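Data first, discussion second: the structure below is written as structure tokens.
The values are calculated or read from the model by the stated rules, or taken from the named source; none is laboratory data. All of these numbers come straight from a predicted model, not from anything done at the bench. With ideal geometry, Cβ positions are generated from the backbone for all residues, glycine too; neighbour counts draw on all protein chains shown. When the accessible area is computed, the model is the full protein with side chains, heavy atoms only, and any ligands, DNA or RNA have been set aside. Shrake-Rupley method; radii C 1.70, N 1.55, O 1.52, S 1.80 Å.
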Amino acid sequence: MPTKTPAVELDVNGRTVRVSSPDKVYFPERGITKLQVVEYFLSVGDGILGALLDRPTTLERWPKGVFEGAKLATRMDSSGDAFYQKRVPAGAPDYVKTARIGFPSGRTADEVAPSEVAVVAWAANLGTLTFHPWPVTSDDVDSPDQLRIDLDPQPGTDFSDAARVAPHVRELLAEHGMEGTPKTSGGRGIHIFVPIEPRWSFVDARRATIALGRELERRMPDEVTMKWWKEERGVKIFVDYNQMARDRTIASAYSIRSNPRATVSAPLTWDEVADVHPDDFDVLSMPARFAAVGDLFAPLVAHAAPRCSLESALELADRQETDDGHGDLPYPPEYPKMPGEPKRVQPSKDRDRPR
């Protein structure tokens, strides 16, 4: 029988992090092993730690690697080869800090809140490829300090379409006193993160995102949609406003995505947005880029200054509601019915909908 490869111990800023089965292949198409995954995170250590620092973080774990047919467990189907872990895993080292967060259901969980790079390496040894941090810090889990705008290509569109919309988001943000940092999702979309003052609620932040999305849709009706139901979106870029709802998270900058190429979510300069492709950034290429350009996501690090105000965007929401009669939009299906929310019924199944 083949001899099992012994574990490797890495010194991570004075912490010893054990990597078991270091030669286990996590990405067969690229030949990338578990040890290479851990080493990738260490190579972008300042960046991934900045993206996660002091934030409650859900771990997306792929302990068997990303093989053909591998499936991620979901709320609706708990079977799968990979899974989301919201609660800190049993046996975590004593240097792994946590933050207690509350879900819309009223339940709570103690999530990992990374405070040093060793925590990232430890999580990677557990098969974590993608880190999903909340837009809050552990000292105030109810007040977002990031506004996250998710440009999600719908069928018939792709990354290039999202890249065409992104500069218009930048222009709109500037009109409301905000500056965002773009990144690839690691897939087909683009994320734009804005550092905001942590003095508004999740409801406020989501409302501001809806207002910005509606204005973007008004300006670009043939390219942008705010329709929650997929059957209504058309061949457009969907501004996924519910990514600012409580307990909804977005893959962090520098996270690895679970696709055969092992792409990563890469921060960009605005000048790059029109010319790059998600496949340009993966586990093998990103370390050299990070060494060359540094951490482009540094403005989003927790407690960094300056931070933007939501006041102008919320005033836009007020005008839309007063002048245009706009109200709230549907929440995700797992949420309890929210105050002021419209009917949460798929239009084609709504018997009361005018025909």
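Would you confirm, using the coordinates I've provided, whether Val17 is farther than 24 Å from Ala99 by Cβ, over 25 Å from the mean Cα position of the chain (by Cα), of a type in the set (A, V, I, L, M, F, W, C) and crowded, with 16+ Cβ neighbours inside 10 Å?
Against the criterion (farther than 24 Å from Ala99 by Cβ, over 25 Å from the mean Cα position of the chain (by Cα), of a type in the set (A, V, I, L, M, F, W, C) and crowded, with 16+ Cβ neighbours inside 10 Å), Val17 does not qualify.
Can you tell me which residue within the range 67-82, out of those that are touching a residue at least 12 places away in the same chain (Cβ under 8 Å) and closer than 17 Å to Ala251 by Cα, is most open to solvent (accessible area, probe 1.4 Å)?
If we take residues in the range 67-82 being touching a residue at least 12 places away in the same chain (Cβ under 8 Å) and closer than 17 Å to Ala251 by Cα, then Leu72 is most open to solvent (accessible area, probe 1.4 Å).
Within the range 217-243, which residues are over 14 Å from Asp152 (Cα atoms) and outside any loop (DSSP other than H, G, I, E, B)?
Selection gives Arg218, Arg219, Glu231, Glu232.
Looking only at residues that are part of a helix (DSSP H, G or I) and more than 28 Å from the chain's Cα centre (by Cα) in the range 313-346, which one is farthest from Asp247 (Cα to Cα)?
Asp323
Those residues that are of a type in the set (Val, Ile, Thr) and surrounded by fewer than 24 Cβ atoms within 10 Å (Cβ to Cβ), I need them from the range 39-65; list them, please.
The answer is Thr58, and nothing else.
Only residues that are small (Gly, Ala, Ser) and either at pLDDT 95 or above or part of a loop (DSSP other than H, G, I, E, B) (or both): list them for the range 91-108, please.
Within the range 91-108, Gly91, Ala92, Ala99, Ser105, Gly106 meet the criteria.
Give Ser105, Ser138, Ser160 a once-over and let me know the one that is under 19 Å from the mean Cα position of the chain (by Cα) and either open to solvent by 10 Å² or more (accessible area, probe 1.4 Å) or farther than 23 Å from Phe238 by Cα (or both).
Going through Ser105, Ser138, Ser160 in turn, just one is under 19 Å from the mean Cα position of the chain (by Cα) and either open to solvent by 10 Å² or more (accessible area, probe 1.4 Å) or farther than 23 Å from Phe238 by Cα (or both): Ser138.
Could you check how many residues of the range 129-153 are out of contact with any strand residue (DSSP E or B) (no Cβ under 7 Å at 6 or more places or on another chain) and of a type in the set (Gly, Ala, Ser)?
Total meeting the criteria: 1.
List every residue pair whose Cβ atoms sit under 8 Å apart, with the two residues 6 or more apart in sequence or on different chains, where the first one lies in the range 146-171 and is on the phi < 0 side of the Ramachandran plot and the second, anywhere, is hydroxyl-bearing (Ser, Thr, Tyr).
The qualifying pairs are Leu147/Thr209; Arg148/Thr209; Ile149/Thr209; Asp150/Ser185; Gln154/Thr225; Phe159/Thr184.
For the range 32-90, which positions are within 16 Å of the chain's Cα centre (by Cα) and outside any strand (DSSP E or B)?
Result: Gly47, Ile48, Leu49, Gly50, Ala51, Leu52, Leu53, Asp54, Arg55, Pro56, Lys86.
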